[in-house]
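The values are calculated or read from the model by the stated rules, or taken from the named source; none is laboratory data. Everything numeric in this text was worked out from a predicted model, so none of it was measured. Note that each Cβ is placed from the backbone with ideal geometry, even for glycine, and that neighbours are counted across all protein chains shown. We work out accessible area using only protein heavy atoms, side chains counted, and drop any ligands, DNA or RNA first. Shrake-Rupley method; radii C 1.70, N 1.55, O 1.52, S 1.80 Å.
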Amino acid sequence: WQWPWRELLVVRRTLNAERFDCGLSARPDPRDHPFLKWLGAENRLGFPNRGSGIFLTNSLAEPDSMAHRYEFWRVAGQALGLDLPPREKLPVPARSGRQVVLVHSGARLSARVWPLGYYHALVQRLRAAGYTVQLVCDPEQHNSWVALGETTVVSPRTLGELFGLFDRAAVFIGNCSGPGHLAAVSGVPTFTFFGPSLPEWFAPLHPQAQWLEDKSCPYKPCKDYCHFSTPHCLENITVEKVWPQLKLF
């Protein structure tokens, strides 16, 4: 809820110098639209929300409320003369000969992280079943994994390092997070633990993507803000519930 005004002023000065012909926001966030005008973009496209259309030169028709977020990009692309394929027809890079199960325990928000203790138990079960596991985490999780005895855990610092790990991966297991989406568009089938967000909105864009979610929380979807001290929607997804579906995956 706090705005980093000093950083925003630097961004504004840098982008104003580019003199952009067009600015686009592909999410219905009313904060984006005055920001586009503030940056001086001559044409401003977006999905108006709470009166923010006054800052736009081209208000876009919002997809259905349960549509995948990719549909917002499709609509925005059409407004720019770019025809993106339907979600079910997205091209998937061919991959073969890979045998590593990549398990990524990180996410931008703690409310989207399946408990590390669950991950540890799952990794042990995968190894016992004969799978080769590459454990990957966010930098702030690294020491916790080492304390659990995982001395080969990797914490990539750049996108290049992360994509290098995808090059060896047969499948990806992780949270509703950026790495999962990048794995999917790299051609790696994904298995995702969904907590506060909805797979209808955020399932990775891969035809073989699978996921598990707990629907018992009355506040779901709450996206980035959990009503509780810990995300029960993820804690309720135990390893025992995961294992039967994961084996089939």
Task: Mean shadow area of the stretch 119-232 over all directions, Cα convex hull, nm² - done: 8.0 nm²
- [ ] Please find, in a Gaussian network model of the chain (springs between Cα atoms separated by less than 10 Å), the residue of Gly40, Gly178, Gly97 whose mean-square fluctuation is greatest.
- [x] Gly97
Open item on the list: What number comes out for accessible area per residue over the chain if the probe is 1.4 Å? Units Å², please.
Closed with: 56 Å²
Open item on the list: With a cut-off of 8 Å between alpha carbons and a minimum separation of six or more residues, what is the relative contact order of the stretch 14-60 in percent?
Closed with: 36 percent
- [ ] Return the sequence-ordered ³J(HN,Hα) values of the stretch 149-155 in whole Hz as given by the Karplus equation 6.51 cos²θ - 1.76 cosθ + 1.60 applied to θ = phi - 60°, using x for Gly and Pro.
- [x] x, 8, 7, 9, 5, 10, 10
Task: Base-10 log of normalised Debye intensity for the stretch 1-97 (one unit scatterer per alpha-carbon) at q = 0.10, 0.11, 0.17, 0.18 Å⁻¹ - done: -0.35, -0.42, -0.82, -0.89
Open item on the list: With a 10 Å cut-off between alpha carbons and a GNM built on the chain, which of Ala183, Ala129, Ala26 moves the most?
Closed with: Ala129
TODO: Could you count how many Lys pairs in the chain have their Cα atoms under 30 Å apart, skipping same-chain pairs fewer than 8 positions apart?
DONE: 12
Task: Calculated [θ] (222 nm, deg cm²/dmol) that DSSP helices of n ≥ 4 give over the chain, each run adding -39,500 (n - 2.57) - done: -9000 deg cm²/dmol
- [ ] Using only Cα positions of the chain, each an equal point scatterer, no hydration layer, compute I(q)/I(0) via Debye at q = 0.07 Å⁻¹ and quote the log10 values to two decimals.
- [x] -0.29
Open item on the list: Please compute the modelled spin-label separation between Val10 and Thr230, points set 7 Å along Cα→Cβ, answer in nm with one decimal.
Closed with: 3.7 nm
TODO: Towards the positive end of the charge dipole of the chain, with charges on Cβ (+1 Lys, Arg; -1 Asp, Glu), say which of Pro4, Thr238, Gly77 has the farthest Cα.
DONE: Pro4
- [ ] For the chain, set up a Gaussian network in which alpha carbons nearer than 10 Å are linked by springs, and say which option among His104, His181, His227 fluctuates the most.
- [x] His227
Open item on the list: Please list, in order along the stretch 174-185, the HN-Hα scalar couplings obtained from phi with the Karplus expression 6.51 cos²θ - 1.76 cosθ + 1.60 (θ = phi - 60°), rounded to whole Hz, x for Gly and Pro.
Closed with: x, 8, 6, 7, x, x, x, 5, 5, 4, 4, 6
TODO: Treating the Cα atoms of the stretch 188-249 as identical point scatterers in vacuum, please give the log10 of the normalised Debye intensity I(q)/I(0) at q = 0.12, 0.19, 0.23, 0.29 Å⁻¹, two decimals.
DONE: -0.31, -0.73, -0.98, -1.26
TODO: Report the extension gain between Leu90 and Gln245 in nm, rounded to one decimal, defined as 0.36 nm multiplied by the number of residues separating them, less their alpha carbon distance.
DONE: 53.3 nm
- [ ] Report the one residue of Ser110, Asn43, Val133 whose Cα lies farthest in the direction of the positive end of the charge dipole of the chain (charges on C-beta: Lys and Arg +1, Asp and Glu -1; origin at the Cα centre).
- [x] Val133
Task: In Å, descending, principal axis extents of the Cα set of the stretch 156-222 - done: 40, 25, 15
Open item on the list: How many angstrom lie between the Cα centre of the stretch 181-249 and the Cα centre of the stretch 3-41?
Closed with: 32 Å
- [ ] Return the long-range amide H neighbours of Leu24 (sequence gap of 5 or more, or a different chain), with a cut-off of under 5 Å between placed amide H atoms.
- [x] Leu45
Open item on the list: Using Cα-Cα distances under 8 Å and only pairs 6 or more residues apart, what relative contact order does the chain have, in percent?
Closed with: 15 percent
- [ ] Output ³J(HN,Hα) for the stretch 14-20: one whole-Hz value per residue in order, computed from phi by the Karplus curve 6.51 cos²θ - 1.76 cosθ + 1.60 with θ = phi - 60°, and x for Gly and Pro.
- [x] 5, 6, 4, 5, 7, 6, 5
Task: Radius, Kirkwood style, for the stretch 94-164 when every pair of distinct Cα atoms is counted (Å) - done: 13.0 Å
TODO: List every residue whose amide H lies under 5 Å from the amide H of Ile173, counting only residues 5 or more places away in sequence or on a different chain, with H placed 1.01 Å from N in the peptide plane.
DONE: Leu102, Val103, His104, Phe191
TODO: Would you kindly state the longest site-free stretch of the chain, with sites defined as GluC sites (Glu not before Pro) in a DSSP loop (not H, G, I, E, B) surrounded by at most 13 other Cβ atoms within 10 Å?
DONE: 43-249
